Amino acid sequence: MKEISISPKKLSGDVNIPPSKSMAHRAVICASLSNGKSIITNIDYSDDIIATINAMRALGADIIEEERKLIIDGTNIFEKDAGIIDCNESGSTLRFLVPLSIARKNKVKFLGRGNLGKRPLTTFYNIFDKQEIKYSYKEDVLDLCIEGELKGGEYKVEGNISSQFITGLLFTLPVLKEDSIIEITTELESKGYIDLTLDMLNKFGIKIINNDYKQFVIKGNQEYTPMNYRVEGDYSQGAFYLCADALGNKVKIKDLDLNSLQGDKEIIDILESLGAKVLKAEEIEVQGWELVGTVIDGAQCPDVIPITAVVCALSKGKSRIINAKRLRIKECDRLKAISTELNKLGANIIEEEDGLIIEGVDTLTGGKVHSWKDHRIAMSLAIAATCCVEKVTIDYAECVSKSYPNFWQDYERLGGNIDERILGE
Ligand SMILES: O=C(O)C1=C[C@@H](OP(=O)(O)O)[C@@H](O)[C@H](O)C1
Ligand SMILES: C=C(OP(=O)(O)O)C(=O)O
């Protein structure tokens, strides 16, 4: 276990935001399904992306790793039995690849770690029951065996548990023999992630009709065509620095596309609604000396809510975060985690069933906090530490490798004052 102690200090300088994890997952999957060679550049080898690369290899893709670049040939996809797919802690890898693994008759076992075995999969189990696909799983740890072949047709899927189920089906249904329709039975949350999926599919030659996110019409027998693609910067990670700036740090943020389809771009609107001034140029900067609490809807951008809570904790008056129930089924219960840990630092946050009520305070103190082994909680606490008057110590700091392996190096390069200690397990 790595413990990091941060002494109070503001961050300043330039940071290159790492490539979007969501877009990298999608590019690796689409390239692996293409008949021919694709080159995917600006790759960061985070734990989640490594899981997807290895999973696509297990399904038959040929993937060569070079420095920040992948050469992917999907010509032999589905030509061997998948065997074991280790998703590590990546919900995206699991939910994207469960349907894909049985696009052809297959017998496959999914393994994983951390909270992954506790995150919902019932949407897929309901489909398996309907299609008589054999499966067995263990409670709480991810150990899922599936045997069978997915058929096209009519799918009914809830929109408010995880958009990742829908993305998984959108990757898979075009390569089945039959045509398919997906009906979304409840209001769709995380819509931006479906946009990313549809956009990437379109780039790789797959056509899907989107009837206002209520219904997706998908022709079968389609073919993915290879292409070269550069992964753009990640708004979910950029959010940490945008929020840091709103709290008085001075970081210039590079490689965030202002025209991006990423749903987490909403962090810019959130900061503006709190009174921050966002300077939108090639390098984005935020100024925020008069932040005032407001109501923030988490339905479409769950991943930026923990860091948003840090900003609200230091904004004047009351903020409410609403429609954020899904944060409870991520790497940890993120509503509980962020409220508990920020309160240890002197914040005033009350947890509600599907959100948070945050009464702003003038300053945060310091002390020992728990990362809950969740990358987004650890990084949020590290940004909070830049506003604390005393030292902040964060445990299991290595968990950032799930999405941003160089986070602590970047933090230190920006002047962050950190001390590292390696302890036992
Ligand atoms: O499709 C994706 O890349 C993701 C979808 C979101 O999940 P939900 O749809 O479950 O909210 C998000 O939280 C996750 O980090 C990445
Ligand atoms: C929830 C996340 O990812 P995943 O669902 O892919 O595990 C995340 O990166 O915050």
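For segment 143-220, which GluC sites (Glu not before Pro) pass both filters: DSSP loop (anything but H, G, I, E, B) and at most 14 other C-beta atoms within 10 Å?
Passing both the DSSP loop test and the Cβ count: GLU149, GLU178, GLU187.
Express in whole angstrom the spacing between the alpha-carbon centres of segment 373-408 and segment 92-170.
Answer, in whole Å: 32.
Lysine pairs in segment 219-359 8 or more apart or on different chains: how many have alpha carbons under 23 angstrom apart?
24
For GLU352, enumerate residues with amide H under 5 Å from its amide H, sequence gap 5+ or separate chain, H modeled in the peptide plane.
HN-HN under 5 Å from GLU352: ILE357.
For segment 281-286, just list the computed ³J(HN,Hα) in residue order, Karplus coefficients 6.51, -1.76 and 1.60, θ = phi - 60°, integers in Hz, with x standing in for Gly and Pro.
Coupling constants for segment 281-286: 9, 4, 10, 8, 9, 10 Hz.
Non-local amide H neighbours of LYS107 (under 5 Å, H modeled in plane, Pro and chain starts lacking H): which ones?
For LYS107, the qualifying residues are ALA82, GLY83.
Hull surface divided by four, with the convex hull built on the Cα atoms of segment 21-230: how many nm²?
The Cα convex hull of segment 21-230, projected and averaged over all directions, gives 9.9 nm².
Among the DSSP beta bridges whose two residues both lie in the chain, what percent are antiparallel, rounded to the nearest 5?
Of the beta bridges lying entirely in the chain, close to 70 percent run antiparallel.
Among ASP264, ASP354, ASP86, which one moves the most in a GNM of the chain with springs linking Cα atoms closer than 10 Å?
Comparing ASP264, ASP354, ASP86 in the GNM, the peak value goes to ASP354.
Hey, can you grab everything whose amide H is under 5 Å from the amide H of LYS318? Only 5+ residues off in sequence or another chain; H modelled, so Pro and N-termini drop out.
Counting only residues 5 or more places away or on other chains, the set is GLY293, GLY360.
Per residue of segment 401-416, in order, report the coupling 6.51 cos²θ - 1.76 cosθ + 1.60 (Karplus, θ = phi - 60°) as ³J(HN,Hα) in whole Hz, putting x for Gly and Pro.
Using θ = phi - 60°, the values come out as 5, 4, 10, 8, x, 9, 4, 5, 5, 4, 4, 5, 4, 7, x, x Hz.
From the square roots a ≥ b ≥ c of the eigenvalues of the alpha-carbon gyration tensor of the chain, which class results: rounded (a/c under 1.5), prolate (a/b over b/c), or oblate?
Note, shape of the chain comes out prolate.
Highest mean first, how do 386-395, 163-172 rank when packing is the count of other Cβ atoms within 10 Å averaged over residues?
Highest mean packing first, the order is 163-172, 386-395.
Under the definition of Cα pairs under 8 Å and six or more residues apart, what whole-number percent is the relative contact order of segment 183-263?
Rounded, it is 32 percent for segment 183-263.
In deg cm²/dmol, rounded to 500, what helix-only [θ] at 222 nm does the chain give when every DSSP H run of at least 4 residues adds -39500 (n - 2.57) and the total is split over its residues?
-9000 deg cm²/dmol
Work out from phi, with θ = phi - 60° and the Karplus expression 6.51 cos²θ - 1.76 cosθ + 1.60, the ³J(HN,Hα) of each residue of segment 115-127, listed in order in whole Hz, and give x for Gly and Pro.
Values per residue, Gly and Pro as x: 7, 4, x, 9, 7, x, 9, 4, 4, 6, 4, 4, 5 Hz.
Take each of the peptides 304-311, 28-35, average the number of other beta-carbon atoms within 10 Å over its residues, and list them starting from the highest.
Going from most to least packed, we get 304-311, 28-35.
Computed from the coordinates by the stated procedures, all read-outs in this text should not be read as laboratory data. Note that this is a predicted model, so its numbers are computed, not measured. Note that we place each Cβ from the backbone using ideal geometry, even for glycine, and neighbour counts take in every protein chain shown.
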